[in-house]
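Every read-out reported here was derived from the displayed coordinates using simple, explicitly stated rules and does not represent laboratory data. For clarity, every value in this text was computed on a predicted model and none was experimentally measured. Counting neighbours? That spans all protein chains shown, and the Cβs are built from the backbone with ideal geometry, glycine included.
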Amino acid sequence: MSYVDEDYYKNEYGGNIITDKEIKKKLNKASDQIDTLTYNRIVAIGFTNLTEFQKDKVKKSICYQADFMAQYGDYLDMPLSGYSAGSISLSFKAQEGGGGIKTSPEVQNLLKATGLTSRRL
């Protein structure tokens with residue numbers, strides 16, 4: 001279950017990358033990945049028990065993660081991180097967080113502000 005619904009994604013966040021057909025699936029997967037990146041602290045605490053600041057950052061991070069997966073999903077699971085052919089070179093650099101989840105620096109920065117990604121907790 002996602003912490004974000006389609007209405008939030010489209011209207012609050014302003015998302016338009018994910019199709020209507022895929023939006024629920026992508027938001028659910030992104031929420032699962034955010035749970036992993038936060039070491040399941042949101043599950044343990046309960047989303048409703050987070051501060052408003054934390055809820056806002058978590059919701060935004062889910063939308064960013066869903067967009068990131070929609071845009072780069074084909075490349076995230078590839079065993080190669082780069083490709084060269086003659087003078088042309090292509091590299092893909094995704095950040096990796098807790099649980100080996102590939103994400104963007106934007107998602108990591110949003111979650112870092114919540115205090116839920118610290119390994120010291």
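Below are the figures for this structure:
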| quantity | calculated |
| --- | --- |
| Separation in nanometres of the label points that stand 7 Å from Cα toward Cβ, at T36 and E52 | 3.3 |
| Shape category assigned to region 7-54 from the gyration tensor of Cα positions, a/c cut at 1.5 | oblate |
| Hz values of 3J(HN,Hα) by residue in region 27-43 - Karplus curve (6.51, -1.76, 1.60), Gly and Pro given as x | 5, 5, 5, 4, 5, 4, 5, 5, 4, 5, 5, 9, 6, 6, 5, 5, 5 |
| Förster radius 35 Å - calculated FRET efficiency between I88 and E6, Cβ distance, rounded to 0.05 | 0.35 |
